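For reference, the structure discussed in these notes is given below.
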Amino acid sequence: MATSFRHSAGFGKRIEYWVIGRMLKDGMDVYIPLVDDHAVDAIVRRKDGSIALVQIKARSKTVVSGDAALFAAIPHEKRSDYWFVFLL
């Protein structure tokens, strides 16, 4: 059975929610922005009151070489407390 476009297109969002769910299960205080204009998928408030900005990236097992965008080509400005979570 072929994978539908809708299934493939929703993969990244499903992984974001899975990671956020794991953070919540681990007792983290997690907030989700309504809009992802600043490459932030989640905001985590630490016990000391500081925050961490989290960007979640994942790659499906069905990705064909050359068929996926290159994360390294996306410009990101250096920010304090900016974290990446990669799932391969």
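Here the label points at D36 and K57, each 7 Å from Cα along the C-beta direction, are separated by 1.3 nm in the simple model. One chain, two ends: H76 and D29. Fully extended at 0.36 nm per residue, the span grows by 14.4 nm beyond their Cα-Cα distance.
Summing +1 for each Lys or Arg and -1 for each Asp or Glu among the other residues whose beta-carbon sits under 12 angstrom from that of V30 gives 0.
Bear in mind that the values in this text are calculations on the coordinates, not laboratory data. Just so it is clear, the structure is predicted and the values come from calculations on it, not from any experiment. All Cβ positions, even for glycine, are placed from backbone atoms using ideal geometry, and neighbour counts span all protein chains on display.
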